[in-house]
């Protein structure tokens, strides 16, 4: 399981590994000031 949790609100979500079809790390600080994780998923997410 891969999980993200907001430290301030303690809210987040999790993905099971079989639903992750691609992942990469971006270290390009010209694109974003911090390292980013890119994840492509193969599942439906309900953010409501």
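For this structure, a couple of remarks:
- Just so you know, in the range 25-39 the residues that are loosely packed, with under 10 Cβ neighbours inside 10 Å and touching a residue at least 12 places away in the same chain (Cβ under 8 Å) include one that is farthest from residue 1 (Cα to Cα), and it is 25.
- Against the criterion of being loosely packed, with under 10 Cβ neighbours inside 10 Å, assigned to a helix (DSSP H, G or I) and free of Cβ contacts under 8 Å to residues at least 24 places away in the same chain, residue 18 qualifies.
- Among the conditions (1) surrounded by 10 or more Cβ atoms within 10 Å (Cβ to Cβ); (2) modelled with pLDDT of 85 or more; (3) outside any loop (DSSP other than H, G, I, E, B), residue 3 misses just one, which is (1).
The values are calculated or read from the model by the stated rules, or taken from the named source; none is laboratory data. Here the structure is a predicted model, which is why all the values come from computation and not from measurement. With ideal geometry, Cβ positions are generated from the backbone for all residues, glycine too; neighbour counts draw on all protein chains shown.
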